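Step one of this worksheet: look at the structure below.
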Amino acid sequence: MGESANREGLGASSRVAFPCNLADARSGVRSLREFLSGVGVGEDELFAYELCLVEACNNAVQNADAAGQNQPVLAEVSCQPDRVELRVTDHTPGFTWPDRLEVPSLERERGRGLFIIRSMMDEVAYERGSAENTLIMRKGRGPRDPAPVAAPSRPSPPPDALDDVRAQLADCRRAINGMARELCFRSESLSAIFRCAAELGRTSDLAAFARRLLDDLLHLTSADWFVLRLIPPQESQLVVFAASNPALGSASLALPVSAGRTTPAPPGAEAASETGLPVPCAELAAVMARNAVRFDTGSSPDSNEPLRSAGASSRGLVQPVLFGDTLVGTLAIGRGATEEVFSGLEAEVIRTFSEFLAIQIVNLRQREEQVHNRLVTHELEIAHSIQRSLIPASLPRISGFDLAGSWESARQVGGDFYDAIALSEHTVLLVVGDVMGKGVPAAMFATIMRGLVRALSNHCHQPAELLGRINQVLYRDLSAVNMFITAQLVFVDHRRRRVVTAGAGHCPLTLISKGAEPIASLTTAGTPLGVLPDVRYRQTTATLGRPGGVFLHTDGLIEARNAAGEFYGHDRLMKWLRDHCRLPCPAEHLRNQLAAELHRFRGDAPMADDQAFLILTETQPAKRIRNGSGTRVGLRSPALAASL
Amino acid sequence: MKIQNDGQKLCVSEIPELSAVNSDQFRDDVQAAMPSSLNVIEIDLSQTRFVDSCGLGALFALYKSAGHNGAVALRLLNPTPPIQQLFELTQMHQLFEIVRR
């Protein structure tokens, strides 16, 4: 049986380790009783301490499993002027300390131990670890807090009255010194917390803040190292966030499924070894217990214990970092095995620091989320305004024809756009495009695409060639950000009644004419822009009806959904066009009717994607093309116009 | 521990403690000594310095076996104040007749 006593400083402490059997437990407790008696604890208090130690040690012996029976039980007493702390460390599977302890039924022969401990001590905590558990029992001392089992009167005073006064004086001095030391310790903790809080106000670097705070904690508790793990937002694992030494960083720990719960587990649910499951590492044990868990890497032969990276024999405790009921992470803090285990006061300070840290982490995360949300909103506004600027303020006027476009943006801005460019007196280029992506990047690419079409239409002789050139220019930038663009280019020469079109993965072009079948789809399959570096596009030539028209749109129209989740669909769109396109008629009228039809279909359902379409209809025989203000437009693309 | 049997009364005394270490033995010894014509068991606790929950359990076992033998009174003599308070805390003072002489 190993014994050691320490009377340094203000308190006195003693510990005894004994083999796991009842007789040795009894004599171990007797020696601790003698120690307490020797440091001046009165007979009136001794019975309660002895009884609680015996009950705890008996439990430790009687509940030890096969491996635990070969390990010693450790019992410790620490006597301060104002309180006594008792600790018993067992190697049992552990149990969950009951929330309530009723007076045991008189019919029961056994099972009164926990009730006696709870009744006789002021404070009881059962800290469960992966290899061992510690029952900590505390009781205040002093005239205002007499022990319940104490006799009503103190033992008879010493024969010499002066000795009595001296003893009382020494008691008072010890009590005052103890209080002063505790006050000093607490004030140091508070000032460290205030200092770090002030620093956090100046920075949002959470990692640096946590390291600074926990370095202060190491200093305060005379600890050697710490490992702080946090649960990243939307994840269910503990990731090392800060450590006193980079070598302490280890792999992430997946959280058990039950870890996210907000209420404590039922008693017994956590004794992993009872269910035959492997004993969890100390950090996960603390998560499951929702309470501080002590560990001793030396007594845990399990090499999977991540805290063994702090040393083969290091001990300390893991404190779950909790914000109310929400688990934020874990804080492991330890010392070398040759040093004292953390006292109750130190464990309390560790808990206070971790609570403070949890509040700061949650606050900072909320602030970051708010900033992020503001940025997203701001970005959406920018994207909206870019996109609005893309839509032409006016469309070219074409003699005998009418041109109208519609663009409506969803809340999540996409990259739909349309454009119409007069190439000559009798040719016009119609463009509808859709950048696959959202927000500012999509709007930016739509801007670039629109500029490229305008610039390159002067040099390209065919719509397929124009698409190929645009793809060459955009491929590198689009593929770098995993985006692509679908587009439909249509050259209309109304003098020669020809329509030439090329598509890059876009919706089919619709030709409008007058007759038994006024609607015809012209599918022009092609690779979207930005998917392959070098694409040879194909183009299709069709005859413009007399009177004739064309209709271009983005997939937002056919993918529009109503409140029942039904798509508007290609067939419904074609039917609508068939029923409403009565040439000759003004395009603007059709545009307004179709926009109203799409609104009616959608009802109250939110708009999921942008919608853009462009309609060209013949109103009278064509003479010449004019721009939006009505002035004559010069040839923008002689090469292209000639090719038509 | 001393056990005296006068045929109707069993007197148990000189019990230094009743703990997990000796309570089973105590219970078995007293039960073995119970005469068939027993009226009362007196357990003198005046020299007992310590009782734990196992000791309480042994006293309870005697109370039960005495009761099964037919309305035998179990009398505890002169427990020390801490032990008296332990009986009260666990409400076991309701089972036994506690006598001070």
> Are any of the residues in the stretch A:421-432 within 17 Å of A:LEU390 (Cα to Cα), modelled with pLDDT under 90 and either in contact with a Phe, Trp or Tyr (Cβ under 9 Å, 6 or more places away or on another chain) or not in a loop (DSSP other than H, G, I, E, B) (or both)?
Replying inline: no
> Does the stretch A:12-23 contain any residue that is modelled with pLDDT of 90 or more and assigned to a helix (DSSP H, G or I)?
Replying inline: yes
> Of all residues in the stretch A:507-540, how many are open to solvent by less than 20 Å² (accessible area, probe 1.4 Å) and among the basic types (Lys, Arg)?
Replying inline: 0
> Which of the residues that make up the stretch A:575-618 are in contact (Cβ under 8 Å) with a residue 24 or more places away in the chain, under 27 Å from A:GLY437 (Cα atoms) and among the hydrophobic types (A, V, I, L, M, F, W, C)?
Replying inline: A:LEU594, A:ALA595, A:LEU598, A:PHE601, A:ALA605, A:MET607, A:ALA608, A:ALA612, A:PHE613, A:LEU614, A:ILE615
> Within the stretch A:25-38, can you find the residues that are more than 11 Å from chain B (Cβ to nearest Cβ) and either farther than 30 Å from A:ASP163 by Cβ or among the small types (Gly, Ala, Ser) (or both)?
Replying inline: A:GLY28, A:SER31, A:SER37, A:GLY38
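Given the criteria surrounded by fewer than 17 Cβ atoms within 10 Å (Cβ to Cβ) and either among the aromatic types (Phe, Trp, Tyr) or at pLDDT 90 or above (or both), does B:VAL30 qualify?
On the way: surrounded by fewer than 17 Cβ atoms within 10 Å (Cβ to Cβ): no; either among the aromatic types (Phe, Trp, Tyr) or at pLDDT 90 or above (or both): yes.
Here the answer is no, as B:VAL30 does not meet what is asked.
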>> Just to be sure I understand the filter: pairs with C-beta atoms under 6 Å, separated by 6 or more residues or on different chains, first member in the stretch A:437-449 and farther than 15 Å from A:TYR418 by Cβ, second member part of a helix (DSSP H, G or I). Which pairs pass?
In response: A:GLY439/A:GLU379; A:GLY439/A:ALA383; A:VAL440/A:GLU379; A:VAL440/A:ILE382; A:VAL440/A:ALA383
>> Would you confirm, using the coordinates I've provided, whether A:GLU76 is modelled with pLDDT of 90 or more and either within 20 Å of A:THR297 (Cβ to Cβ) or part of a loop (DSSP other than H, G, I, E, B) (or both)?
In response: yes
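I need a count of the residues in the stretch A:26-38 that are open to solvent by less than 20 Å² (accessible area, probe 1.4 Å) and under 19 Å from A:GLU85 (Cβ atoms).
Let us first name the residues in the stretch A:26-38 that are open to solvent by less than 20 Å² (accessible area, probe 1.4 Å), namely A:26, A:28-29, A:32, A:35-36.
Restricting the remaining residues to those that are under 19 Å from A:GLU85 (Cβ atoms) gives A:28-29, A:32, A:35-36.
The number of residues fulfilling the criteria is 5.
Residue-wise test of (1) under 19 Å from B:GLU97 (Cα atoms); (2) open to solvent by 20 Å² or more (accessible area, probe 1.4 Å); (3) within 14 Å of chain A (Cβ to nearest Cβ).
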| position | (1), (2), (3) |
| --- | --- |
| B:GLN25 | no, yes, yes |
| B:SER37 | no, yes, no |
| B:GLU42 | yes, no, no |
| B:PRO79 | yes, no, yes |
| B:ILE83 | yes, no, yes |
| B:LEU86 | yes, no, yes |
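When you scan the stretch A:80-94, do you find a residue that is at pLDDT below 80 and either in contact with a Phe, Trp or Tyr (Cβ under 7 Å, 6 or more places away or on another chain) or away from chain B (no Cβ under 14 Å) (or both), even just one? Step through it out loud before you land on a result.
The first filter runs over the stretch A:80-94 and keeps only residues at pLDDT below 80, leaving none.
No: the stretch A:80-94 contains no residue that is at pLDDT below 80 and either in contact with a Phe, Trp or Tyr (Cβ under 7 Å, 6 or more places away or on another chain) or away from chain B (no Cβ under 14 Å) (or both).
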>> Anything in the stretch A:110-161 that is within 14 Å of another protein chain (Cβ to nearest Cβ), open to solvent by 40 Å² or more (accessible area, probe 1.4 Å), at pLDDT 70 or above and part of a loop (DSSP other than H, G, I, E, B)? List them, or say none.
In response: A:ARG110, A:GLY111
> Within the stretch A:213-243, how many residues are within 16 Å of A:GLU340 (Cα to Cα), of a type in the set (D, E, K, R) and assigned to a helix (DSSP H, G or I)?
Replying inline: 0
> For the stretch A:469-506, which residues satisfy the criterion of being open to solvent by 10 Å² or more (accessible area, probe 1.4 Å) and assigned to a helix (DSSP H, G or I)?
Replying inline: A:ARG469, A:GLN472, A:VAL473, A:TYR475, A:ARG476, A:ASP477, A:SER479, A:ALA480
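Out of the residues in the stretch B:44-77 that are of a type in the set (S, T, N, Q) and within 28 Å of A:ARG30 (Cβ to Cβ), which is surrounded by the most Cβ atoms within 10 Å (Cβ to Cβ)? Walk me through it before giving the result.
From the stretch B:44-77, those of a type in the set (S, T, N, Q) are B:46-48, B:53, B:65, B:69; that's our starting set.
Then keep just the ones that are within 28 Å of A:ARG30 (Cβ to Cβ); that gives B:46-48, B:53.
Values: B:SER46: 13, B:GLN47: 13, B:THR48: 20, B:SER53: 26.
This residue is B:SER53.
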> Which of the residues that make up the stretch A:39-71 are open to solvent by 10 Å² or more (accessible area, probe 1.4 Å), away from every other protein chain (no Cβ under 13 Å) and out of contact with any Ser or Thr (no Cβ under 9 Å at 6 or more places or on another chain)?
Replying inline: A:GLY40, A:ALA66, A:ALA67, A:GLN69, A:ASN70
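Picking from A:GLU34, A:GLU85, A:GLU55, A:GLU50, which residue would you name as being charged (D, E, K, R) and out of contact with any helix residue (DSSP H, G or I) (no Cβ under 8 Å at 6 or more places or on another chain)? So that I can check it myself, show each step before the final result.
Numbers: A:GLU85 fails: out of contact with any helix residue (DSSP H, G or I) (no Cβ under 8 Å at 6 or more places or on another chain); A:GLU55 fails: out of contact with any helix residue (DSSP H, G or I) (no Cβ under 8 Å at 6 or more places or on another chain); A:GLU50 fails: out of contact with any helix residue (DSSP H, G or I) (no Cβ under 8 Å at 6 or more places or on another chain).
Of A:GLU34, A:GLU85, A:GLU55, A:GLU50, the one residue that is charged (D, E, K, R) and out of contact with any helix residue (DSSP H, G or I) (no Cβ under 8 Å at 6 or more places or on another chain) is A:GLU34.
So that you can scan it fast, the table gives a plain yes or no per residue for (1) more than 40 Å from the chain's Cα centre (by Cα); (2) polar (S, T, N, Q); (3) farther than 27 Å from B:LEU59 by Cβ:
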site: A:LEU74; (1), (2), (3): yes, no, yes
site: A:SER78; (1), (2), (3): yes, yes, yes
site: A:ASP82; (1), (2), (3): yes, no, yes
site: A:THR89; (1), (2), (3): no, yes, yes
site: A:GLY94; (1), (2), (3): no, no, yes
site: A:ARG100; (1), (2), (3): no, no, no
site: A:ARG110; (1), (2), (3): yes, no, no
site: A:PHE115; (1), (2), (3): yes, no, no
site: A:MET120; (1), (2), (3): yes, no, no
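The values are calculated or read from the model by the stated rules, or taken from the named source; none is laboratory data. Keep in mind that what you see is a predicted model, and the values were worked out from it rather than measured. FYI the Cβ positions are ideal-geometry reconstructions off the backbone, even for glycines, and counts take in every protein chain you see. For the accessible areas, the whole protein counts, side chains as well, though only heavy atoms, and no ligand, DNA or RNA atoms are used. Shrake-Rupley method; radii C 1.70, N 1.55, O 1.52, S 1.80 Å.
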